[in-house]
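Trainee: One structure, as structure tokens, below. Some questions next.
What follows is calculated from the coordinates using simple rules that are stated; it is not laboratory data. Every value quoted in this text rests on a predicted model; they were computed, and no experiment measured them. Cβ coordinates were reconstructed from backbone atoms using ideal geometry, including for glycine residues, and neighbour counts include every protein chain displayed.
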Amino acid sequence: MVENANAFTTFASRNMSLKEQIDIQRLPRHVAIIMDGNGRWAKQQGKMRIFGHQNGVLAVRDTVEGAAELGIEVLTVYAFSTENWNRPKLEIDALMHLLVQTITKETPKLMENNIRLATIGNTDSLPPKVAANLKKCIDKTANNTRMTLVLALSYSSRWEITTAMQKIAEKVKSGEIDPKNINEELISNQLNTAAWPDPELLIRTSGELRISNYLLWQIAYAELYFTEKLWPDFRREDFYKAIIDFQQRERRFGKTSEQLKSEHA
Ligand code: FPP
């Protein structure tokens, strides 16, 4: 009986598109992505690293559209880490230029798709031109409601947590908070991501099995999905595959499998 059911599932999924295999009722509300492999992709083509980043933008566009169409509420992409400031100046300048170019070009698409842009990270450290362009796009898309696209820029989780701790310490010092009342909710509310639910799924491309200082507090219960695909080759179908994989997992949050089954019976 079980065998027949599995045979049916396999038969059905073979004839269904990846998108059709997704259960829209059980989507992760927030998906985070570490877009990795741009440099290696460019090297494979015998090109400069920036060529990889330029093609990475096409992957961002397709994934963002695919995620919004599905009904994902928040998509957070790691566009530039605090550690990326250590890259050669030429690459940093090219990435910043690409960012300005992309934001300017993509703002009408974000409007068309009803997508709001937001950022996390130490955006004060960005060049003024990048900051000004970001602000323009953030303001323009502020009332869009279908999905929020969050760019992690000059972001690192340890920086974010350190900053949050400083803010909490100040409040304790001023008497606004009693240390006894410091709890998980209070800490979450001091993070850059306070407005959104925690990511339930984290995707990393390029076969690297690391978290790289990304959303460390927020991914406490996230499912991790790693793919060998290099970021410039990533498309919405790859995103669908990650969602399907996510939906096949049992999320126990510390409970037993039996407890979960009786809760859903
Ligand atoms: C990691 O690949 C990628 C980055 C550090 C930058 C990501 C930027 C983009 C995809 C383009 C701009 C994005 C937006 C949202 C407009 P890597 O350079 O570390 O690759 P490697 O590990 O192969 O060297």
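Trainee: What translational diffusion coefficient, in µm²/s and rounded to a whole number, does the Stokes-Einstein relation yield for segment 184-239 at 10 °C and a viscosity of 1.306 mPa s, taking the hydrodynamic radius as the Kirkwood radius over Cα pairs?
Mentor: For the chosen part, D equals 125 µm²/s.
Trainee: Near the amide H of Ile33, under 5 Å away, which other amide H atoms are found, from residues 5 or more places off or on another chain, if H is placed in the peptide plane?
Mentor: Those qualifying (amide H under 5 Å, at least 5 residues apart or on another chain) are Thr76, Val77, Tyr78, Ile203.
Trainee: Additional query: Arrange the peptides 144-157, 174-187, 44-57 so that the one whose residues have, on average, the most other Cβ atoms within 10 Å appears first.
Mentor: The most tightly packed comes first, giving 144-157, 44-57, 174-187.
Trainee: For a quick size check, give me the Cα extents of segment 71-195 along its three principal axes, largest first, whole Å.
Mentor: Dimensions of segment 71-195 along the principal axes of its Cα atoms: 48, 37, 22 Å.
Trainee: Using +1 at the C-beta of Lys and Arg and -1 at the C-beta of Asp and Glu, which of Ser154, Pro128, Asn143 has the Cα lying farthest in the positive direction of the dipole of segment 123-164?
Mentor: Result: Asn143.
Trainee: Please list 29-35, 250-256 highest first by mean number of surrounding beta-carbon atoms within 10 Å per residue.
Mentor: So the peptides 29-35, 250-256, ranked by packing, come out 29-35, 250-256.
Trainee: Give the separation of the Cα centroids, segment 72-90 to segment 150-191, in Å.
Mentor: Result: 21 Å between the Cα centres.
Trainee: Per residue of segment 182-191, what does 6.51 cos²θ - 1.76 cosθ + 1.60 with θ = phi - 60° give for ³J(HN,Hα)? Whole Hz please, x for Gly and Pro, Karplus curve as stated.
Mentor: 6, 9, 4, 5, 5, 5, 3, 6, 8, 7
Trainee: Right, here's the next one. At 1.567 mPa s and 4 °C, plugging the Kirkwood radius over alpha-carbon pairs of segment 55-101 into Stokes-Einstein gives what diffusion coefficient in µm²/s?
Mentor: Translational diffusion coefficient: 105 µm²/s.
Trainee: I'd like the Kirkwood hydrodynamic radius of segment 6-144, using the inverse of the mean 1/r over distinct C-alpha pairs, in Å.
Mentor: For segment 6-144, the Kirkwood estimate is 17.1 Å.
Trainee: What do you get for Rg/Rh of segment 128-264 when both radii come from the Cα atoms and Rh is the Kirkwood radius?
Mentor: 1.02
Trainee: If you don't mind, another one. What number do you get for the chain when its Cα radius of gyration is normalised by 2.2 N^0.38 Å, N = residues?
Mentor: Rg over 2.2 N^0.38 Å, computed on Cα atoms: 1.10.
Trainee: Helix-only mean residue ellipticity at 222 nm, the chain, DSSP H runs n ≥ 4 weighted -39,500 (n - 2.57), per residue, nearest 500. What is it?
Mentor: The per-residue figure over the chain is -15000 deg cm²/dmol.
Trainee: Placing +1 on the Cβ of each Lys and Arg and -1 on the Cβ of each Asp and Glu in segment 175-265, which of Asn192, Ala265, Tyr221 has its Cα farthest towards the positive end of the resulting dipole?
Mentor: Ala265
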